[in-house]
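The values are calculated or read from the model by the stated rules, or taken from the named source; none is laboratory data. Values in this document were obtained by computation on a predicted structure and should not be read as measured data. Every residue, glycine among them, receives a Cβ derived from its backbone with ideal geometry; neighbour counts consider all protein chains shown. Note: accessible area is taken over every heavy atom of the protein model, side chains too, but ligands, DNA and RNA are not part of it. Shrake-Rupley method; radii C 1.70, N 1.55, O 1.52, S 1.80 Å.
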Amino acid sequence: MMLNLVLIAMILAMLIPMYEAWQDDDIWQKMLAFASFATKTSIMILVVSVFRDDWMIGVVGVIILSVGNAGLMLLAHVIKRMNEV
Amino acid sequence: MIDFFSYICISLGLFFWFWGTFPLLGKRSLLFKLHSLSVADTLGSMSIIIGLLLKIPSRWPLLILALISLAIWNTVLGYVLAYCSSSEGNYER
(Lines give C-alpha, C1' and ligand atoms only; values in the text may rest on other atoms or scores of the structure.)
Protein backbone atom coordinates (compact mmCIF):
# COMPACT_ATOMS: atom_id res chain seq x y z
CA MET A 1 0.00 0.00 0.00
CA MET A 2 2.67 2.46 1.12
CA LEU A 3 4.96 1.34 -1.71
CA ASN A 4 2.24 2.06 -4.24
CA LEU A 5 1.71 5.57 -2.89
CA VAL A 6 5.45 6.29 -2.90
CA LEU A 7 5.82 4.99 -6.45
CA ILE A 8 2.83 6.97 -7.73
CA ALA A 9 4.23 10.16 -6.19
CA MET A 10 7.63 9.43 -7.76
CA ILE A 11 6.08 8.89 -11.20
CA LEU A 12 4.21 12.20 -10.81
CA ALA A 13 7.48 13.96 -9.91
CA MET A 14 9.11 12.31 -12.93
CA LEU A 15 6.45 13.59 -15.32
CA ILE A 16 7.46 17.21 -14.65
CA PRO A 17 10.96 17.07 -16.25
CA MET A 18 9.50 14.90 -19.03
CA TYR A 19 6.96 17.61 -19.86
CA GLU A 20 9.65 20.28 -19.63
CA ALA A 21 11.96 18.39 -22.02
CA TRP A 22 9.06 17.96 -24.44
CA GLN A 23 7.84 21.56 -24.57
CA ASP A 24 11.09 23.53 -24.30
CA ASP A 25 13.28 24.07 -27.36
CA ASP A 26 16.37 25.40 -25.59
CA ILE A 27 18.98 22.63 -25.58
CA TRP A 28 20.33 23.45 -22.09
CA GLN A 29 16.89 23.39 -20.52
CA LYS A 30 16.38 20.01 -22.18
CA MET A 31 19.71 18.75 -20.79
CA LEU A 32 18.73 19.93 -17.32
CA ALA A 33 15.38 18.17 -17.55
CA PHE A 34 17.04 14.96 -18.72
CA ALA A 35 19.60 15.09 -15.90
CA SER A 36 16.80 15.38 -13.36
CA PHE A 37 14.90 12.60 -15.13
CA ALA A 38 17.91 10.25 -14.97
CA THR A 39 18.43 10.80 -11.24
CA LYS A 40 14.76 10.27 -10.49
CA THR A 41 14.63 7.07 -12.52
CA SER A 42 17.63 5.56 -10.78
CA ILE A 43 16.23 6.43 -7.35
CA MET A 44 12.97 4.77 -8.39
CA ILE A 45 14.90 1.65 -9.41
CA LEU A 46 16.58 1.63 -5.99
CA VAL A 47 13.25 2.00 -4.18
CA VAL A 48 11.71 -0.87 -6.13
CA SER A 49 14.75 -3.05 -5.52
CA VAL A 50 14.71 -2.44 -1.76
CA PHE A 51 10.99 -3.05 -1.43
CA ARG A 52 11.23 -6.24 -3.45
CA ASP A 53 14.45 -7.17 -1.64
CA ASP A 54 16.14 -7.81 -4.98
CA TRP A 55 19.87 -7.12 -4.93
CA MET A 56 20.32 -7.38 -8.72
CA ILE A 57 17.92 -4.54 -9.59
CA GLY A 58 19.60 -2.40 -6.93
CA VAL A 59 23.00 -2.95 -8.51
CA VAL A 60 21.62 -1.73 -11.83
CA GLY A 61 20.25 1.40 -10.12
CA VAL A 62 23.56 2.18 -8.47
CA ILE A 63 25.47 1.67 -11.72
CA ILE A 64 23.12 4.10 -13.46
CA LEU A 65 23.64 6.60 -10.63
CA SER A 66 27.41 6.35 -10.60
CA VAL A 67 28.27 6.25 -14.30
CA GLY A 68 25.11 7.50 -15.98
CA ASN A 69 25.76 11.15 -15.24
CA ALA A 70 29.18 10.92 -16.86
CA GLY A 71 27.47 10.47 -20.22
CA LEU A 72 25.45 13.62 -19.66
CA MET A 73 28.63 15.57 -18.87
CA LEU A 74 30.32 14.36 -22.04
CA LEU A 75 27.19 15.21 -24.02
CA ALA A 76 27.18 18.74 -22.57
CA HIS A 77 30.78 19.26 -23.68
CA VAL A 78 30.03 17.91 -27.17
CA ILE A 79 27.04 20.24 -27.51
CA LYS A 80 29.17 23.19 -26.38
CA ARG A 81 31.83 22.35 -28.99
CA MET A 82 29.19 21.99 -31.70
CA ASN A 83 27.82 25.42 -30.86
CA GLU A 84 31.27 26.99 -31.04
CA VAL A 85 32.09 25.66 -34.51
CA MET B 1 9.49 2.99 15.04
CA ILE B 2 12.31 2.62 12.50
CA ASP B 3 9.66 2.00 9.84
CA PHE B 4 7.99 5.26 10.78
CA PHE B 5 11.28 7.18 10.50
CA SER B 6 12.02 5.64 7.14
CA TYR B 7 8.63 6.71 5.79
CA ILE B 8 9.24 10.21 7.16
CA CYS B 9 12.57 10.33 5.31
CA ILE B 10 11.02 9.08 2.08
CA SER B 11 8.13 11.54 2.19
CA LEU B 12 10.53 14.39 3.01
CA GLY B 13 12.55 13.36 -0.04
CA LEU B 14 9.44 13.34 -2.21
CA PHE B 15 8.53 16.81 -0.94
CA PHE B 16 12.02 18.03 -1.84
CA TRP B 17 11.70 16.45 -5.31
CA PHE B 18 8.50 18.31 -6.07
CA TRP B 19 9.89 21.52 -4.60
CA GLY B 20 13.03 21.35 -6.73
CA THR B 21 11.30 20.21 -9.92
CA PHE B 22 8.41 22.65 -10.11
CA PRO B 23 10.66 25.66 -10.97
CA LEU B 24 11.59 23.77 -14.16
CA LEU B 25 8.20 24.65 -15.59
CA GLY B 26 8.56 28.39 -15.04
CA LYS B 27 10.06 31.00 -17.33
CA ARG B 28 13.06 31.73 -15.09
CA SER B 29 16.70 31.65 -16.18
CA LEU B 30 18.61 28.42 -16.65
CA LEU B 31 20.90 29.06 -13.71
CA PHE B 32 17.96 29.57 -11.37
CA LYS B 33 16.50 26.22 -12.44
CA LEU B 34 19.90 24.56 -12.19
CA HIS B 35 20.34 25.82 -8.65
CA SER B 36 16.94 24.69 -7.45
CA LEU B 37 17.38 21.32 -9.12
CA SER B 38 20.86 20.62 -7.87
CA VAL B 39 20.06 21.59 -4.28
CA ALA B 40 16.56 20.25 -3.71
CA ASP B 41 16.80 17.26 -6.03
CA THR B 42 20.04 15.99 -4.51
CA LEU B 43 18.81 16.51 -0.97
CA GLY B 44 15.54 14.76 -1.77
CA SER B 45 17.24 11.80 -3.40
CA MET B 46 19.66 11.47 -0.49
CA SER B 47 16.80 11.59 1.98
CA ILE B 48 14.92 8.87 0.07
CA ILE B 49 18.03 6.67 0.07
CA ILE B 50 18.50 7.22 3.82
CA GLY B 51 14.88 6.17 4.29
CA LEU B 52 15.59 2.98 2.33
CA LEU B 53 18.75 2.44 4.37
CA LEU B 54 16.73 2.61 7.60
CA LYS B 55 14.26 0.14 6.16
CA ILE B 56 16.77 -2.49 4.99
CA PRO B 57 20.13 -2.04 6.77
CA SER B 58 21.54 -5.23 5.24
CA ARG B 59 21.99 -3.49 1.89
CA TRP B 60 24.18 -0.71 3.25
CA PRO B 61 27.24 -1.05 0.95
CA LEU B 62 25.04 -0.57 -2.10
CA LEU B 63 23.03 2.30 -0.64
CA ILE B 64 26.10 4.12 0.73
CA LEU B 65 27.67 3.88 -2.73
CA ALA B 66 24.49 5.38 -4.16
CA LEU B 67 24.61 8.19 -1.58
CA ILE B 68 28.25 9.03 -2.34
CA SER B 69 27.80 8.95 -6.09
CA LEU B 70 24.72 11.17 -5.77
CA ALA B 71 26.57 13.72 -3.67
CA ILE B 72 29.56 13.84 -5.99
CA TRP B 73 27.98 13.50 -9.41
CA ASN B 74 25.10 15.88 -8.98
CA THR B 75 27.34 18.72 -7.83
CA VAL B 76 29.87 18.06 -10.61
CA LEU B 77 27.11 17.82 -13.20
CA GLY B 78 25.66 21.10 -11.93
CA TYR B 79 29.01 22.85 -12.39
CA VAL B 80 29.57 21.33 -15.84
CA LEU B 81 26.11 22.30 -17.09
CA ALA B 82 26.50 25.84 -15.75
CA TYR B 83 29.95 26.15 -17.33
CA CYS B 84 28.89 24.76 -20.71
CA SER B 85 25.73 26.81 -20.96
CA SER B 86 27.19 30.14 -19.86
CA SER B 87 29.49 30.64 -22.87
CA GLU B 88 26.81 31.44 -25.42
CA GLY B 89 24.41 34.28 -24.78
CA ASN B 90 23.23 35.37 -21.39
CA TYR B 91 20.26 34.00 -19.58
CA GLU B 92 19.24 36.94 -17.48
CA ARG B 93 15.52 37.13 -17.64
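Angle between the Cα long axis of helix B:60-85 and the longest principal axis of chain B, 0 to 90 degrees, nearest 10?
Value to nearest ten degrees: 10.
What's the total accessible area buried between chains A and B, using a 1.4 Å probe, rounded to the nearest 100 Å²?
About 3900 Å² of accessible surface is lost on pairing.
What percent of all Cα-Cα pairs in the stretch A:1-84 falls into each 5 Å bin, going from 0 up to the bin containing the maximum distance?
Histogramming the stretch A:1-84 at 5 Å steps yields 3, 14, 20, 19, 19, 12, 8, 4, 2, 0, 0 percent.
Normalised radius of gyration for chain B, please: alpha carbon Rg relative to 2.2 N^0.38 Å, two decimal places.
The reported ratio for this selection is 1.28.
Given a 1.4 Å probe, how much area per residue of the stretch A:1-84 is accessible, in Å²?
I get 52 Å² per residue for this part.
What does the average come to when, for each residue of peptide A:62-73, you count the partner chain Cβ atoms lying within 10 Å of its Cβ?
5
Take the Cα radius of gyration of the stretch B:16-55 and divide it by 2.2 N^0.38 Å, with N its residue count; two decimals is plenty.
Relative to the rule-of-thumb radius for its length, the stretch B:16-55 sits at 1.32.
What does the structure give for B:1-10 when I average, per residue, the other chain Cβ atoms found within 10 Å of the residue Cβ?
1
Using a 10 Å cut-off around each Cβ of peptide A:24-35, what is the average number of partner chain Cβ atoms that fall inside?
For peptide A:24-35, the averaged partner shielding equals 5.
Can you list the aspartates and glutamates whose alpha carbon is less than 20 Å from that of A:Lys40, not counting same-chain residues fewer than 8 positions off?
A:Glu20, A:Asp24, A:Asp53, A:Asp54, B:Asp41
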